[in-house]
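Okay, so here's the structure we're looking at.
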Amino acid sequence: MKRLFLFGFLLASCGIKANPEVLKEPEVLVKRIGERVYVKSLSGEIRIKGFEKLEDYWIKDEREAFCFLVERIGGKSKKFCVEKAVEEKPTIELSEDKKSVKLTAKGFESYKLYPVKGGKVFLEAGADLKGEIKLERSYWERCYALTGIKGLRESAFIDFCIKPKEPPPVEEVKNLQIRVGKEKLYLVWFYDKDYKEFTIYKEGKEIGRTVGFSFEVSIPEKESTFTIKVIIPLGFESEGTSIDYKP
């Protein structure tokens, strides 16, 4: 035991490490979509010469096959290669009804469907499909980007949007009344459905919002029309119920 202890002490005193840390290679996800190549690190920070950093991805536009070196910061470098861009693009057919849209894709054996929001394609949320899929319509427009898959490559995006379905009807307030005080005028009403808030208008111009069933305003000097509109939790607003005040 004394000899082992002395040997370990001598190694430490000489600056020799018994188990030196092995430098790690880059671990990345590489995607070829059309002419653009996307590279995302799965572990640690990386750098790629000739690529541009865009949020979580390093990107480069190049139609031809090429190789590139990925450097892991504080670690090793590794070479990766991609094939030439897929020249063909899929075609799509959309068949709509009131509640859904049937998407039929043609030209490839399999496809990838990505959601698009605010013009941004969400690559991590891509879903595989074979040729047909039923997409439910919502009260808001939904946009997608479709690619055709060929081996490890994907074609350029085909963008399309699905029109929203008709918004739900919004019931109006009930029993809208005007009550006049000494210095103020009070609008009061009743509502028994789910709602987010009420919007109050005077002569077509918004003058306030409330979550209660009453609203206080200064007494108008001349004849005025007040309108109460309901905003439901989904965000849609009713046409409005109006009442006239006459001095």
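The values are calculated or read from the model by the stated rules, or taken from the named source; none is laboratory data. In this text, all values refer to a predicted model and were calculated from it rather than measured experimentally. Every residue, glycine as well, gets a Cβ built from its backbone with ideal geometry; the counts of neighbours run over all protein chains shown.
Some observations on this one:
- Residues located in region 73-88, provided they are within 27 Å of Lys120 (Cβ to Cβ) and touching a Leu at 6+ places or on another chain (Cβ under 9 Å): Phe80, Val82, Glu83
- Residues that are buried (at least 17 other Cβ atoms within 10 Å of the Cβ), among the polar types (S, T, N, Q) and either closer than 17 Å to Gly181 by Cβ or free of Cβ contacts under 8 Å to residues at least 40 places away in the same chain (or both), drawn from region 225-247: Thr227
- Against the criterion of being under 30 Å from Arg36 (Cα atoms), at pLDDT 95 or above and either surrounded by 12 or more Cβ atoms within 10 Å (Cβ to Cβ) or not aromatic (Phe, Trp, Tyr) (or both), Leu146 qualifies.
- Any hit, region 74-84, residues being under 14 Å from Arg32 (Cβ atoms), loosely packed, with under 12 Cβ neighbours inside 10 Å, more than 30 Å from the chain's Cα centre (by Cα) and assigned by TED's automatic domain parsing to the domain that holds Lys31: yes
- Residue in region 110-122 that is nearest to Ser41 (Cα to Cα), counting only those that are modelled with pLDDT of 95 or more and not basic (Lys, Arg): Phe122
- Any chance Lys112 is in contact with a Gly (Cβ under 8 Å, 6 or more places away or on another chain) and either on the phi < 0 side of the Ramachandran plot or part of a strand (DSSP E or B) (or both): yes
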